[in-house]
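Novice: The structure's right below; bear with me while I get my questions together.
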Amino acid sequence: EAECAYTLCVVAIFWLTEALPLAVSALLPAFMFPLFGIMESKEVASTYFKDFHLLLIGVICLATSIEKWNFHKRVALRMVMLVGVNPARLTLGVMVSCAFLSMWLSNTSAAAMVMPIVEAIAQQIARAEKEADALEMSCSNGSINPALELNGRHTEQFLSLPTLALQPNICVNTHIHTVYLCSYFISGFVLPVYFTQAKPTSPEYKLYVSGQKSREDKYSGVFKVMCLCVAYSATIGGLTTITGTSTNLIFAEHFNTRYPTCQCINFGSWFILSIPITVIILVLSWIWLQWLFLGFDFKNMFKCGKKKTAREEASTQVIQEEYKKLGPMSYPEIVTLVLFILMTLLWFTREPGFIPGWSSLFPEYSGYATDSTTALLIGVLFFIIPAKTLSKTSNGENTVFGYTPLITWKEFQSCMPWEIAILVGGGFALADGCEVSKLSDWVANKLTPLGSLPLWLGILISCLIVTSVTEVASNPATITIFLPILSPLAEAIHVNPLFILIPATLCTSFLLPVANPANAIVFSYGHLTIMDMVKAGLGINIIGVAVVMLAIMTWIVPIFNLYTYPSWASNISSTSST
């Protein structure tokens, strides 16, 4: 036990400090266990590649094709167009788009895909507002902007046209002079332009300048909210599916390996338990970010039928222009979409639980097919199906072209997260070493007094411990360290292991450490400060823990019958005791 504990501490220290790359640190058990006589080298080597890795390979094949053919960009832009460009709805659209992408891609990839779109919107808004502000400043000093000439006539002539005189809301009497409002097109956007003869020293001018500053603060807040929406929704969306984030995959593989007779954690069951959690956290996080940076004005957030502001017009145009650049859906995009839908359906229908799934068609091979079987089956098709169809000449003959599949091996290699694959393998090696050396049983016996605490308090303590570590360590490393400890703990206090493992996994997933790649990508665009991320993250951390605790004590209970100690856990306990 002491030799295994020493190995675990060494690996954990290297993971927490990242003195070596995570994957390199994960290789330490491969030679430390044989040297300490804990496990043979062949046994350790076999733990570094399991069913998890096959599932990861199949998912990365899909992600590679999605990224290569820009299907992710089409999905993101279409979702934003559906919700509109009102500030609140725009940020909500960004969150939903990024969260949906992160269900199927890595969190880092989702953030990297959506941020360029957000940055383009931000730049277009800033440019339009800058031009409008410059125009207002010029007119407030009594000068005539020659850019406002229409067919050789100045703005005074334009404003005196009968068509404008018929509109009473065009002219507003003030204490300075009459303020004229017209619509002026700048770079294709309709902007409100005010013509006054205010003096720079007048109170009204000072009020104007003060309004300009508050407007800039507001636009800065909008940019910050959109950036933070990308950072947090990329992680929140990953909670929804087993393949959405590495921590979910590590949990599923650990659970199915330790409790092989359970077979209750699969793509469908995880989606059912996590989709309400994801939706609630996403909505509450959106409200929190709105209130923190923009103020929660419910009436204006959902206003309908009102005229769009300059910023909304700018946002609409840049989104529409980006979508038009994509053109109609190409043949590779259509094939990728079909394979994506097929993979998802096969995952959901393998063992849905409430009805027999397609795996029941092979009763003599019960338990043989897993989610990785489906992922690999569809993943291989990406290397077989050609990237373009045969085109015919005018006489009806097929033209000859070089065969190119939807994705190539080099493209797959560039997207494959080998570091995560080796890191997870190291975690499996540590878990097996803890079992063989009986270290996990020793730790569980020392933690048995926690069984006297109320169940909800024990779950909360385990979540807080995990979340405290994940603030200074990577998410995969944290969950890899704690799963082998929490599983025997649950068995020792005679509690369904899922009661402790599910909330611990979820809390590790959504609480973002400082070195989170998705955060780093968003932060690199320069719209955020460290304090912005700290303020926003604190609130979302509290929201996440509260929602997970609510879920594990309510709707997740009947899904897995959590209040009953299962037979598959009893078998493990009796084996360990023996």
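Novice: For a protection proxy built on the mean count of beta-carbon atoms within 10 angstrom, sort 449-461, 274-286, 232-244, 376-388 highest first, please. Don't skip to the end; give the middle numbers.
Specialist: Numbers: 449-461: 13.9, 274-286: 19.9, 232-244: 27.8, 376-388: 16.8.
Result, highest mean first: 232-244, 274-286, 376-388, 449-461.
Novice: For the stretch 25-81, give the percent of accessible area contributed by carbon and sulfur heavy atoms, probe 1.4 Å, rounded to a whole number. List each step's numbers first, then the result.
Specialist: Details: 1510 of 2320 Å².
Within the stretch 25-81, the accessible surface is 65 percent carbon and sulfur.
Novice: Turning to a different aspect of this structure: Roughly what would the spin-label model give for CYS9 and TRP456, points 7 Å off Cα along C-beta, in nm?
Specialist: In this crude spin-label approximation the distance works out to 3.7 nm.
Novice: Per 0.36 nm of contour for each residue apart, how much would the distance between LYS324 and ASN561 grow if the chain were fully extended, relative to their Cα-Cα spacing?
Specialist: That works out to 80.3 nm of additional length.
Novice: Turning to a different aspect of this structure: Take the Cβ-Cβ distance between THR349 and VAL380 as r, set R0 to 22 Å, and report the resulting FRET efficiency rounded to the nearest 0.05.
Specialist: Details: r = 20 Å, r/R0 = 0.90.
Efficiency for this residue pair is about 0.65.
Novice: Still on this structure, please answer the following. So which of LYS73/LYS410; LYS73/LYS224; LYS446/LYS535; LYS42/LYS410; LYS50/LYS73; LYS68/LYS325 end up more than 26 Å apart, counting from Cα to Cα?
Specialist: Numbers: LYS73/LYS410 22 Å; LYS73/LYS224 21 Å; LYS446/LYS535 37 Å; LYS42/LYS410 30 Å; LYS50/LYS73 33 Å; LYS68/LYS325 16 Å.
Pairs exceeding 26 Å: LYS446/LYS535; LYS42/LYS410; LYS50/LYS73.
Novice: Using alpha carbons only, what's the Rg to Rh ratio of the stretch 1-82 with Rh from Kirkwood? Provide the component values of the computation, followed by the final result.
Specialist: Details: Rg = 19.9 Å, Rh = 16.0 Å.
Radius of gyration over Kirkwood radius for the stretch 1-82 works out to 1.24.
Novice: If you wrap the stretch 413-459's Cα atoms in a convex hull and average its projection over all directions, what's the area in nm²? Write out the running numbers ahead of the final one.
Specialist: Numbers: hull surface 20.5 nm².
Approximately 5.1 nm², given one-decimal rounding.
Novice: In the stretch 410-451, carbon and sulfur make up what percent of the accessible area (probe 1.4 Å)?
Specialist: Working: 1220 of 1910 Å².
The nonpolar share, carbon plus sulfur, comes to 64 percent.
Novice: A further question on this structure: In nm, what is the difference between 0.36 nm times the number of residues separating TYR368 and THR529 and their Cα-Cα distance? If you can, show how the numbers build up before the last one.
Specialist: On the way: separation 161, 0.36 × 161 = 57.96 nm, distance 5.04 nm.
Full extension of this stretch gives 52.9 nm more.
Novice: Give a residue-ordered list of calculated ³J(HN,Hα) values for the stretch 222-237 (Karplus: 6.51 cos²θ - 1.76 cosθ + 1.60, θ = phi - 60°; whole Hz; x for Gly, Pro).
Specialist: Whole-Hz 3J(HN,Hα) from phi for the stretch 222-237: 4, 4, 4, 4, 4, 5, 5, 4, 5, 4, 7, 5, 4, 7, 5, x.
Novice: Select from the stretch 406-503 those trypsin sites (Lys or Arg not before Pro) which occupy a DSSP coil region and have at most 16 other Cβ atoms within 10 Å, ordered by residue number. Walk me through the numbers before you get to the answer.
Specialist: Working: sites: LYS410, LYS438, LYS446; in loops: LYS438.
Here the trypsin sites (Lys or Arg not before Pro) that fit, given the DSSP loop and packing criteria, are LYS438.
The values are calculated or read from the model by the stated rules, or taken from the named source; none is laboratory data. Only a predicted model underlies this, so the values are computations on that prediction, with no experimental measurement involved. Neighbour counts are summed over all protein chains in view; Cβ atoms, including those assigned to glycine, are modelled from backbone coordinates with ideal geometry. With ligands, DNA and RNA removed, areas are computed over all heavy atoms of the protein, side chains included. Shrake-Rupley method; radii C 1.70, N 1.55, O 1.52, S 1.80 Å.
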